[in-house]
Amino acid sequence: MVAKAEIPVFESGADLSLVKGALDESGCAVIRNAQSLELTQQVKAELGDSLGQSRVQEDDSTEDFYPAKTQRLPALLARSKGAQTMATHPTIKSLCEHHLGDNCERFQLHVSVAVNIGPGAREQVLHREEDAFPFFKIPRPNLVIATMWAMSDFTHSNGATLLVPGSHRWQSGRQATPDEVAQADMPEGSVMIWLGGTLHAAGGNSSNEWRYGIILSYSLGWLRQEENQYLSLPPALATNVSDEVRELVGYPMHGSLGFYDPRIAKI
Ligand SMILES: O=C(O)CCC(=O)C(=O)O
Ligand SMILES: [Fe+2]
């Protein structure tokens with residue numbers, strides 16, 4: 001009998017070399033209770049109004065990448081100081097450095113989005129975050145690393161993310177069997193990390209509660225970001241954030257890439 005796939009799980013404060021090793025091996029990991037309750041509450045409060053005004057996607061078709069009964073809210077760094085703190089979490093930065101550092105001078109924020117999955121939402125189709133870069137053959141070099149912060153408990157029934165451990169090393173076209181798919185159950189305040197080559201999807205929500213998560217992903221500093229960070233945090237707002245956050249978003253040059261005239265950019 002084939003063993004059911006498992007996601008490596010760590011507690012906050014775990015030896016980071018073990019987390020890095022697990023990510024190399026499995027392409028995914030969970031760190032439980034990585035964030036304080038205060039920060040989770042702060043971010044929820046800062047995003048509350050915008051989320052409340054975000055539409056819930058109603059239409060569904062099996063071809064749609066985003067299932068119905070979900071809410072998505074981008075531009076989190078412009079909306080929340082707490083999200084800026086989350087995005088620069090030292091543990092995550094260290095993991096990014098390990099997995100992306102060989103292929104760039106500096107990694108950058110790739111996507112910031114809150115994902116609220118409502119009762120009755122179907123499972124998402126398995127995909128790779130690096131599918132936006134089809135010009136590299138699978139298995140691709142490390143281009144992206146993603147995190148999902150649990151802003152509510154993630155459970156089997158409310159849509160905890162599905163992950164296929166080890167799939168970051170698979171050849172193109174290999175399909176996951178049910179035994180190869182694991183689910184990232186985790187308590188609020190935990191973070192799930194996965195490499196851009198790892199197959200994953202939002203789980204279906206058969207419960208009567210909403211599953212609230214925040215995706216913050218990172219990419220090589222010379223790639224086009226999936227979310228246009230210069231529009232999500234435009235210069236007028238970028239002047240109010242720390243140098244660290246401005247750098248993460250990609251304002252400074254990367255080698256010879258990205259020159260600009262500060263008199264025009266007003267930054
Ligand atoms: O919501 C989730 O659990 C995963 C969502 C996801 O993978 C995506 O939108 O790219
Ligand atoms: Fe995804």
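What number, in nm² with one decimal, is the all-direction average of the projected area of the convex hull of the alpha-carbon atoms of segment 81-153? Write out the running numbers ahead of the final one.
Values: hull surface 26.7 nm².
Averaging across all directions leaves 6.7 nm² for the Cα convex hull.
Keeping the other protein chains in place, figure out the carbon and sulfur percent of the accessible area of the chain, with a 1.4 Å probe.
On the way: 6760 of 12590 Å².
The C+S portion of the solvent-accessible surface of the chain is 54 percent.
Just going by the charge dipole of segment 9-265, with Lys and Arg at +1 and Asp and Glu at -1 on Cβ, which of CYS96, GLY213, SER256 is farthest out on the positive end? Value: SER256.
Mean-square fluctuations from a GNM of the chain, with a 10 angstrom spring cutoff on Cα atoms, peak among THR40, THR239, THR91 at THR239. Taken over segment 1-139, the ratio of Cα radius of gyration to 2.2 N^0.38 Å equals 1.21. Between LEU257 and SER207, the contour length at 0.36 nm per residue exceeds the alpha carbon distance by 13.3 nm. Can you give the translational diffusion coefficient of segment 30-99 in µm²/s, computed by Stokes-Einstein from the Kirkwood radius over Cα pairs at 25 °C and 0.890 mPa s? Rounded to a whole number, D works out at 171 µm²/s. Computed over the Cα atoms of segment 119-200, pair by distinct pair, the Kirkwood hydrodynamic radius stands at 13.5 angstrom.
Of all the options GLU180, GLU244, GLU227, the one that moves most in a Gaussian network model of the chain with Cα springs shorter than 10 angstrom is GLU244.
How big, in percent, is the set of alpha carbon pairs in segment 160-257 lying more than 17 Å apart? Walk me through the numbers on the way to the answer.
Values: 3109 of 4753 pairs.
The calculated P(r) of segment 160-257 puts 65 percent of pairs beyond 17 Å.
In this structure LYS81 has an accessible area near 110 Å², from a 1.4 Å probe over the protein heavy atoms. For GLU11, the accessible surface of its heavy atoms amounts to roughly 100 Å² (probe 1.4 Å, protein chains only, rounded to the nearest 10).
Magnitude of the Cβ-charge dipole of the chain, K/R +1 and D/E -1, about the Cα centre, nearest 20 debye?
Working: 22 positive and 32 negative charges, 96 e Å.
It comes to approximately 460 debye.
When the chain is treated as a GNM with alpha-carbon contacts under 10 Å, the residue of MET253, MET186, MET151 showing the greatest mean-square fluctuation is MET253.
Summed over the residues of the chain and divided among them, the accessible surface reaches 47 Å² per residue at a probe radius of 1.4 Å.
On a per residue basis, the convex hull of the C-alpha atoms belonging to segment 9-265 measures out at 133 Å³. Only helices enter the 222 nm calculation for the chain: every DSSP H run of n ≥ 4 contributes -39,500 (n - 2.57), and dividing by all residues gives -7000 deg cm²/dmol, rounded to 500.
The values are calculated or read from the model by the stated rules, or taken from the named source; none is laboratory data. All values reported here derive from a predicted model rather than from experimental measurement. Glycine also receives a Cβ, built like all others from the backbone with ideal geometry; neighbour counts cover every protein chain displayed. These area figures cover heavy atoms from the full protein model, side chains too; ligands, DNA and RNA do not enter into them. Shrake-Rupley method; radii C 1.70, N 1.55, O 1.52, S 1.80 Å.
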